[in-house]
Amino acid sequence: MSSFNGDVFKGLRITQLDDSDDDNVEAPMDPINVDEQFDDDDEEDDEDSEPVILGFVESPKFEWSSLRQLFPNLAGGVPAWLDPVNLPTGKSILCDLCEEPLQFVLQLYAPLTDKESTFHRTLFLFMCPSMSCLLRDQHEQWKRAPEKVMRSVKVFRCQLPRVNPFYSSEAPKHDGTDKPLGHGAPLCSWCGTWKGDKVCSGCKNARYCSQKHQSLHWRVSHKTECQQLRAVTESSGSGVVDNGVSLTQKHKVASKSLWKEFVMINVDESEYDTEMSEDDEAAKPLVPVREVNDDMKSLMKEYEGDADKQIWVSFQQRVDKAPEQVLRYCRSSGAKPLWPMASGRVSKSEVPNCKSCGGPRCFEFQVMPQLLYFFGAQNERESLDWATIVVYTCENSCDSSVSYNEEFVWAQLYSQTT
């Protein structure tokens, strides 16, 4: 086995999987190179001055594509925890408004090269699937640093050095044979997301993160399964049924309400620029760039005085380069989100400092509303919806005594829903 090439994992890159002659081998996804692409000294307001990496989703090629030992970039399904043992617990895993366990949205593998402790680094985004909770969350945000923060959207940052108890220091082969150094904490049998620290008193096998998920599983299928498992236990004379998960298999969950699982790939936004050489007839866009720009200028003039509509036109013009993008990534001191609206935004000065070190946070990525389409969200009034979800993380990506540090999320909702 070759030694680990650190350059392969410099920052997050959610790259397109290369086609391989061997159908059993999956090409590894490169991480996004945070340190080399972005200049932290660039403080210009021009969003175009900062290179942006776009994230797209596709179905996983193999069942093992989303295993934690491959440091995957995922959307939907269940998380592949970086530290598989010391998971978030207690109230941090709950929606602060309805007190139900949060649902997994996505995770990004985004290591940094400036210090050893961030050799592996992953960000995990969760939210409550209830639109009513998200609306209440929005009103909590408007309070601007309330005494007791009530959130339905949360993000956690986890990081590990190259030498750690969970993974080899060598690069994974991405051929289905990679294994971590050991098992992680048992997960909830219903959601497969949070630590299953509650055990079914009947079969002593099923585990749950909450009473709510235990009740749901019991009503849906576990009432019958529990009796069967108890019968097996009694006949074998053992007190425990071995129902563990192999290190090369995914944890199966009972819930059918999780969002569909995808892996994420990435492309530099600059690759979607429509300006082509005049002599490159085949590469020219169907509609000349000048005509598109003239149309946009006309709309901007028409919407003069309406800040929301003007910003929406500008936002749409930028997004239309790659309409299926579900994520925009750009971690640098000068990076800013691409806001769809003027109202409901947060300024950099209003982003709270890191809870762990007290230092400033910087913009790192934003989630686009297109993700809801891939998750199969319904176009109904009560369905989950957002304009964009923006994530700010500790500028120093500080170390702390806990494995999962909660960072700051700002959810911008469409005006008509607020």
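The values are calculated or read from the model by the stated rules, or taken from the named source; none is laboratory data. Fair warning: this is a prediction, and the values are worked out from it, not measured in the lab. Here the Cβ positions follow ideal geometry from the backbone for every residue, glycine too, while neighbour counts run over all protein chains shown.
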Item to check | Residues of segment 75-93 satisfying the condition of being surrounded by 16 or more Cβ atoms within 10 Å (Cβ to Cβ) and either outside the structural domain of GLY376 (by TED's automatic domain parsing) or among the hydrophobic types (A, V, I, L, M, F, W, C) (or both) | outcome: ALA75, VAL78, ALA80, TRP81, LEU82, LEU87, ILE93
Item to check | Residues within segment 92-102 that are over 18 Å from CYS158 (Cα atoms) and either outside any strand (DSSP E or B) or among the aromatic types (Phe, Trp, Tyr) (or both), tallied | outcome: 6
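Does GLU350 meet the test of being loosely packed, with under 15 Cβ neighbours inside 10 Å, within 23 Å of TRP312 (Cα to Cα) and of a type in the set (Asp, Glu)?
The answer is yes for GLU350.
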Item to check | All positions within segment 244-267 that are surrounded by 14 or more Cβ atoms within 10 Å (Cβ to Cβ) and either at pLDDT 90 or above or more than 23 Å from TYR167 (Cβ to Cβ) (or both) | outcome: VAL253, ALA254, SER255, LEU258, TRP259, GLU261, PHE262, VAL263, MET264, ILE265, ASN266, VAL267
Next on the checklist: Condition check: in a strand (DSSP E or B) and at negative phi. Does GLN378 satisfy that?
Outcome noted: no
Checklist entry - If you take the residues in segment 403-418 that are assigned to a loop (DSSP other than H, G, I, E, B) and over 20 Å from the mean Cα position of the chain (by Cα), which one is nearest to GLN159 (Cα to Cα)? => result TYR414
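Can CYS394 be described as touching a Lys or Arg at 6+ places or on another chain (Cβ under 9 Å) and over 18 Å from GLN138 (Cβ atoms)?
Yes.
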Checklist entry - If we scan segment 186-204, do we find a residue that is within 29 Å of CYS354 (Cα to Cα) and in contact with an Asp or Glu (Cβ under 8 Å, 6 or more places away or on another chain)? => result no
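Looking only at residues in segment 184-203 that are among the polar types (S, T, N, Q) and more than 20 Å from the chain's Cα centre (by Cα), which one is surrounded by the fewest Cβ atoms within 10 Å (Cβ to Cβ)? I'd like the intermediate steps shown before the answer.
Applying the first criterion (among the polar types (S, T, N, Q)) to segment 184-203 yields 189, 193, 201.
Those still in the list that are more than 20 Å from the chain's Cα centre (by Cα) too: 189, 201.
Numbers: SER189: 26, SER201: 9.
Once the filter is applied, the top-ranked residue is SER201.
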Checklist outcome for this item: Within segment 191-222, residues part of a loop (DSSP other than H, G, I, E, B) and farther than 17 Å from TRP81 by Cβ come out as CYS200, SER201, GLY202, CYS203, LYS204, ASN205, ALA206, SER210
